[in-house]
Amino acid sequence: MPVYTVHAPQGADSAVRNGTDRFVFVRDGFFVWAFIFGPLWLLWHRLWLALLGYVAVTVVGEVALWLLHAGAGARFLVMLLVGLLMGLEAASLWRWTLSRREWRQIDIVVADDEEAAERRFFDRWTAKQGRLVNDQSAVDRGGPPPTRDVPGQPFSRPPPPSHNEIIGLFPQPGGAAR
């Protein structure tokens, strides 16, 4: 299943209803359109610095191949590898650009497609917002880690060691081998 990261602009929590339409879901994985049409995909998603880097890498690669008197097959292979790298790293470039624009990654969602990811995220997010409205002082950080010294914790004490069972080469901890 695809994994989506959810990004929000700064201050989206204060304007709960106004900021939700600006959330961005970025799928992790290979982007076919970034592989086939790299510069156009970068323009479509407004990744200006990444586009500048793509153009610079392409120009430097072409100049280097021209200086090395490389054939058409070698040039095609190098540009194919640049396109493959673009398809593999498109999501990382998109996330990097969002972080440069001071967007926050607020969640990670696993879903079949973007619509299911949105549904799953907003179900969980609205439930969390409802809990915060009901109890402003509550912060959900999960329960404390289980300890052995607190009665009633689900983490129980290990069973006492049995002297009849031998695990490994030594019959008792610290004992010598026979």
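The values are calculated or read from the model by the stated rules, or taken from the named source; none is laboratory data. All values derive from a computational prediction rather than experimental measurement. A quick note on method: Cβ atoms are made from the backbone with ideal geometry, for glycine too, and the neighbour counts reach across all protein chains shown. SASA here: full protein model, heavy atoms, side chains in, ligands and nucleic acids out. Shrake-Rupley method; radii C 1.70, N 1.55, O 1.52, S 1.80 Å.
Would you mind getting the accessible area per residue of the stretch 20-116, heavy atoms of the protein chains only, 1.4 Å probe, in Å²?
Numbers: 6320 Å² over 97 residues.
Per residue, the stretch 20-116 has an accessible area of 65 Å².
When N is the residue count of the stretch 60-123, what does its C-alpha Rg come to as a fraction of 2.2 N^0.38 Å?
Working: Rg = 18.9 Å, N = 64, 2.2 N^0.38 = 10.7 Å.
Taking N as the residue count of the stretch 60-123, the ratio is 1.77.
What distance in nm separates the simple spin-label points at GLU89 and VAL59, each placed 7 Å from Cα in the Cβ direction?
The two pseudo-label positions are separated by 1.8 nm.
Whole-Hz ³J(HN,Hα) for each residue in the stretch 50-60, computed from phi via Karplus 6.51 cos²θ - 1.76 cosθ + 1.60 with θ = phi - 60°, x for glycine and proline: what do you get?
Per residue, the Karplus-derived 3J(HN,Hα) values read 5, 5, 4, x, 4, 5, 4, 5, 5, 5, 4 Hz.
If you roll a 1.4 Å probe over the stretch 1-127 with all protein chains in place, what percent of the accessible area is carbon or sulfur?
Working: 5170 of 8050 Å².
Within the stretch 1-127, the accessible surface is 64 percent carbon and sulfur.
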